[in-house]
Amino acid sequence: MKISKNNRPGKPYPSKVIKEICIKAGADDAGLVEIDRNSLKGERDGILMVYPRTRSIISLVKVHNRENIQSPARYLANEEYHHTGDKISSISREILHRLNELGLRGVAVNKSWPMDLGRWPGKIWDVSHKIMAVEAGLGQMGLNRLVLHPKYGSFIALTSILVDGDMDVYDQPLKENPCLNCNLCEAVCPTGAITKGQNFDLMTCSTHTYRDNMVGFLNWVESMVTAQNMEEYRSHFTDRETAFMWQSLMYRMSYRCSYCMAVCPAGEENKTDYLKNKKDHVEKVLKPLRDRREPVYVMAGSRAEGKAKSNPNKEVRIVPGIIRTPPK
Ligand code: B12
Ligand code: SF4
Ligand code: SF4
């Protein structure tokens, strides 16, 4: 039966049709989760704040071009993140438009930025796309704390659509984790944010990766305001670092790292190539990133400082990190 807004009241929507709409609109995979699921207990308040009528969550995947993400020319990787992010954002809106015709209403949640900086330095996002994707059976989190899709591995952007209708069938988490336990993400991580047996270290990762984003931006403003002269300013921000900040502000933000995604061989597509020639993967993908000459931003005395210093190719830059002056 053709579904329309007139024959739906009170009836669940056919999940098969909803997923077909998602794929036709350009998503590479889609899954469905009900709002009342027990495992979403910790996420429910955030979701309902964003859209109080939420009954179901549609989790979406869009694939990055793997080679862009792996390139030692990191500006190629940054462009790829933004490009795929823009794509998944348009796809969500296209899906919503088609769902509206079936009587389903909802919101397309931001892929990542912009977020609610009014809560900074607290939790600035409301819907955790990784948790939604895991619940929707689209992948499991690996050692790198990224969602690993069984086919595409970690090379995916995620987003979620919150809708006001129930579905006839919901998805469940995958039984198997695509993580190969190869430890390449730990080996390439310049800060030690990924260390086997320990929780992922958000502060350490963002101090480095977000150097040209809001974390470093606060340090930048402080350096400009407090420096007595250019010499003192340059002791905090070299001209190269100022140029990097300019680029991030001008052309959308740059991530300094993301190597843990670049090296990850999980997912059928990547695993096949990796297992054919592991040495080649290490030589052509891991080493150029691990040995890349670059600054690594760490807080004084942190575990990251020790890790960064152990790699002679990295210039260790001590920075204040996330929180200087806690907001009143
Ligand atoms: C906050 C955030 C960050 C933070 C924190 C990352 C994190 N692991 O949470 C920082 C700034 C470090 C970050 C960095 C990056 N991010 Co980010 N980020 C987000 C954001 C906004 C929310 C993530 C979230 O929900 N975290 C909370 C929970 C789910 O995280 P978690 O993995 O479970 O880990 C936390 C706790 O669980 C705990 N923990 C970790 N392990 C364990 C184990 C146990 C046993 C326990 C008890 C706890 C625990 O510590 C962690 C830190 O607080 C999402 C966008 C969104 N709205 O969802 C993108 C997102 C997760 N980021 C993404 C990406 C790609 C990146 C980067 C590669 C940078 C980039 N180019 O975008 C790096 C990779 C770093 C990494 N390995 O995770 C993608 C991930 C895609 C994927 N395949 O999974 C997302 C989904 C954006 C998107 N829409 O595509 N990110
Ligand atoms: S983005 Fe870089 S610093 Fe952060 S966890 Fe991945 S490899 Fe480590
Ligand atoms: S790099 Fe290896 S250990 Fe790390 S998440 Fe990917 S498959 Fe798992």
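Across the stretch 206-243, what is the total count of residues that are in contact (Cβ under 8 Å) with a residue 24 or more places away in the chain and over 21 Å from the mean Cα position of the chain (by Cα)?
Keep residues of the stretch 206-243 that are in contact (Cβ under 8 Å) with a residue 24 or more places away in the chain, which gives 206-220, 222, 241.
Okay, now just the ones that are also over 21 Å from the mean Cα position of the chain (by Cα), so 218-220, 222, 241.
The total comes to 5.
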Legend entry - the stretch 172-187: number of residues that are under 18 Å from the mean Cα position of the chain (by Cα) and within 16 Å of ligand 2 (Cβ to nearest atom): 3
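Taking the condition of a type in the set (A, V, I, L, M), assigned by TED's automatic domain parsing to the domain that holds Ile95, out of contact with any helix residue (DSSP H, G or I) (no Cβ under 7 Å at 6 or more places or on another chain) and at pLDDT 95 or above, does Leu148 pass?
yes
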Inset, instruction - Would you check if Leu138 is assigned by TED's automatic domain parsing to the domain that holds Gln70 and within 13 Å of ligand 3 (Cβ to nearest atom)? - result: no
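Considering only residues of the stretch 257-283 that are among the β-branched types (Val, Ile, Thr) and not in a loop (DSSP other than H, G, I, E, B), which is farthest from ligand 2 (Cβ to nearest atom)?
Once the filter is applied, the top-ranked residue is Thr272.
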Legend entry - Single condition Pro52 does not satisfy, out of (1) out of contact with any helix residue (DSSP H, G or I) (no Cβ under 8 Å at 6 or more places or on another chain); (2) touching a residue at least 12 places away in the same chain (Cβ under 8 Å): (2)
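Does Asn100 satisfy being free of Cβ contacts under 8 Å to residues at least 12 places away in the same chain and not in a loop (DSSP other than H, G, I, E, B)? Talk me through it step by step, then tell me what you get.
Details: free of Cβ contacts under 8 Å to residues at least 12 places away in the same chain: yes; not in a loop (DSSP other than H, G, I, E, B): yes.
Judged against the criteria, Asn100 is a match.
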Legend entry - Test for Glu222: is it away from ligand 2 (no atom under 16 Å from the Cβ) and either modelled with pLDDT under 95 or touching a Pro at 6+ places or on another chain (Cβ under 6 Å) (or both): yes
Inset, instruction - Spot the failing condition for Ser206; the list is (1) assigned to a helix (DSSP H, G or I); (2) surrounded by 23 or more Cβ atoms within 10 Å (Cβ to Cβ), and only one is missed. - result: (2)
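The values are calculated or read from the model by the stated rules, or taken from the named source; none is laboratory data. Note that the structure is a prediction, hence the values are computed from the model and not measured. No Cβ is skipped: glycine too gets one built from the backbone with ideal geometry, and neighbour counts run over all protein chains shown.
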